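The values are calculated or read from the model by the stated rules, or taken from the named source; none is laboratory data. All values derive from a computational prediction rather than experimental measurement. Note that each Cβ is placed from the backbone with ideal geometry, even for glycine, and that neighbours are counted across all protein chains shown. The accessibility values were calculated without ligands, DNA or RNA, using every heavy atom of the protein model including side chains. Shrake-Rupley method; radii C 1.70, N 1.55, O 1.52, S 1.80 Å.
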Amino acid sequence: MRGSDAVSGKLFSYVSLEKRVPADHPLRAIREIVNATLVAMSAEFDALYSPFGRESIPPERLLRALLLQAFYTIRSERQLVERIDFDLLFRWFVGLGMDDPVWDATTFTKNRDRLLDGDIATKFLVAVLAQPQVKALLSDEHFSVDGTLLEAWASTKSFRPKDGSGPPPDPGRNGEQDFHGQKRSNETHASTTDPDARLYRKGQGKEAKLCFMGHVLMENRNGLIVGATATRASGHAERLAAQHLIEPHADRPQRITVGGDKGFDTQDFVAEMREINVTPHVAQNDNGRRSAIDGRTTRHPGYAVSLRIRKRIEEAFGWAKTVAGLRKARHRGLPKINWQFIFAMAAYNLIRLPKLLGAAA
């Protein structure tokens, strides 16, 4: 018998959101870890809000929603709020009931900006790693560092002389700007759209773009990110950020190792690592120069292991740029870029934890 296509509305629904989500859905394991993490961060949230006044969006729901934005490659917060409104899986993960109203996109954005003040992204990353089942997966002896370029939300047309000189762009919303043949540098020019962005090229023969740099520290046992930060783009930013990220883990009697690519093979970086009781397992850059890494390091079998494992750090960069939407930044200004990058690294850890915890069990 053919079924009817007629729609008959019902006044009540007796199926809860909890029952609509499959028992084996990967978000269930992630939500369990996220909820435990958010409970541990309650004191940090209390410090950001006044005890009086009208209630705002709970920070726990803000962070769960932002995780969904990273997991499902949602381009904007306006689209995210719209998706939460009609997607029952999103409502369940965020913590909204079937009939609960969804926030206005502008209200959501203003409440999200409040989290910048408390450095919540870094604290969230640390709190996830501090969960007992996650902490058991981490190595405290062997690490890797690397950096990547994050394209800024600014056009090269906005890179104008700081003194106001230069011809104005053609009239119109996106007027032509001819800068060919001009000598432009970060010392004399700045972006009018995002002054924190810097003109930088990845290598010889590559085009220069306005961008930032994201840096991560990975533990080598399971490839989880244990530290992250974003900086202005420069030739020294990778090594300075690497030193900043590794120092908290070097405060222990035993030596630790840190792997890196050829960009870290400099006399200064190697000397600084050895000074803080860290063995630098960085690739030798001996192309027409003398490498700072000699036989004292390369003769050990662990050196070759570190060089092989350090390449896994590119998986985090690839996921962040393709899935989490960081190939081109959605925000402007270093504080917001730094927040977005660190939070994306926390989301990367969470997306990998169900499989790792299942294997450990």
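For Leu326, enumerate residues with amide H under 5 Å from its amide H, sequence gap 5+ or separate chain, H modeled in the peptide plane.
Lys321
Could you run the Karplus curve 6.51 cos²θ - 1.76 cosθ + 1.60 with θ = phi - 60° over the stretch 101-109 and give me ³J(HN,Hα) per residue in whole Hz, x for Gly and Pro?
x, 9, 6, 6, 4, 5, 5, 4, 5
Round to a whole number: what % of the accessible area of the chain belongs to carbon and sulfur, probe 1.4 Å? The partial results should precede the final answer.
Numbers: 10120 of 19840 Å².
Carbon and sulfur: 51 percent of the exposed surface of the chain.
Compute the accessible area per residue over the chain, keeping the other protein chains in place, probe 1.4 Å, unit Å². Before the final figure, lay out each step's value.
Numbers: 19840 Å² over 361 residues.
Heavy-atom accessible area per residue stands at 55 Å².
Extension gain Glu275-Arg28, at 0.36 nm per residue separation less the Cα-Cα distance, in nm?
84.5 nm
Counting Lys +1, Arg +1, Asp -1, Glu -1, what net charge surrounds Pro101 among other residues with beta carbon under 12 Å of its beta carbon?
Numbers: positive: Arg91; negative: Asp85, Asp99, Asp100, Asp104.
Here the charged neighbours net out to -3.
Taking the highest mean first, how do the peptides 315-325, 146-156 order by number of other beta carbon atoms within 10 angstrom per residue?
Listed from highest to lowest mean packing, they are 146-156, 315-325.
First obtain the Kirkwood hydrodynamic radius of the stretch 153-312 from its Cα pairs, then insert it into the Stokes-Einstein equation at 4 °C and 1.567 mPa s, and state the resulting D in µm² per second as a whole number. All intermediate terms of the calculation are to be shown ahead of the outcome.
Numbers: Rh = 18.4 Å.
Value of D from the Cα-based Kirkwood radius: 70 µm²/s.
What are the ³J(HN,Hα) values, in whole Hz, obtained from phi via the Karplus relation 6.51 cos²θ - 1.76 cosθ + 1.60 with θ = phi - 60°, for each residue of the stretch 131-137 in sequence order, with x given for Gly and Pro?
4, x, 5, 7, 4, 5, 8
Lys19: which lysines have alpha carbons under 21 Å from its alpha carbon, excluding same-chain residues fewer than 8 sequence positions away?
Straight-line reach from Lys19, under 21 Å: Lys10.
I need the chymotrypsin sites (Phe, Trp or Tyr not before Pro) found in the stretch 35-89, filtered to DSSP loop residues with at most 11 other beta carbons within 10 Å of theirs.
Listed in order of number, the matching sites are Phe52.
Based on the Cβ-Cβ distance from Thr107 to Asp46, what FRET efficiency comes out when R0 is 22 Å, to the nearest 0.05?
Calculated value: 0.60.
How high is the relative contact order of the stretch 1-139, in percent, counting Cα pairs under 8 Å that sit 6 or more residues apart?
33
Before anything else, pin down the relative contact order of the stretch 32-100: Cα pairs under 8 Å, at least 6 apart, normalised by residue count, whole percent.
It comes to 26 percent, rounded to a whole number.
With a 1.4 Å probe and every protein chain left in place, tell me how much accessible area Thr122 has, in Å² to the nearest 10.
50
Compute for the stretch 222-278: radius of gyration divided by Kirkwood radius, i.e. Rg/Rh, restricted to C-alpha atoms, rounded to two decimals.
On the Cα set of the stretch 222-278, Rg over Rh gives 0.95.
If you fit an axis through the alpha-carbon atoms of helix 77-86 and take the longest principal axis of the Cα set of the chain, what angle between them do you get, 0 to 90°, nearest 10?
Once rounded, the angle reads 30 degrees.
Report relative contact order for the chain in percent, whole number only (criteria: Cα-Cα under 8 Å, sequence separation at least 6).
Over the chain, the number comes to 20 percent.
Please work out the FRET efficiency for the pair Leu240 and Asp140, using the Cβ-Cβ distance as r and a Förster radius of 25 Å; give the result to the nearest 0.05.
0.60
Could you pull out every residue, at least 5 positions away or on a different chain, whose amide H is within less than 5 Å of the one on Val258? Hs are placed 1.01 Å off N in the peptide plane, and Pro or chain starts have none.
So Val258 has HN proximity to Phe143, Thr279, His281.
Report, in degrees rounded to the nearest 10, the 0 to 90 angle that the Cα long axis of helix 59-71 makes with the longest principal axis of the chain.
That works out to roughly 70 degrees.
Pairs Lys209/Lys336; Lys162/Lys262; Lys123/Lys321; Lys209/Lys262; Lys206/Lys311; Lys123/Lys209: which exceed 26 Å Cα-Cα?
Lys162/Lys262; Lys123/Lys209
Got a sec? Charge dipole of the stretch 115-167, +1 on Cβ for Lys and Arg, -1 for Asp and Glu; which of Pro132, His142, Ala152 is way out at the positive end?
Ala152
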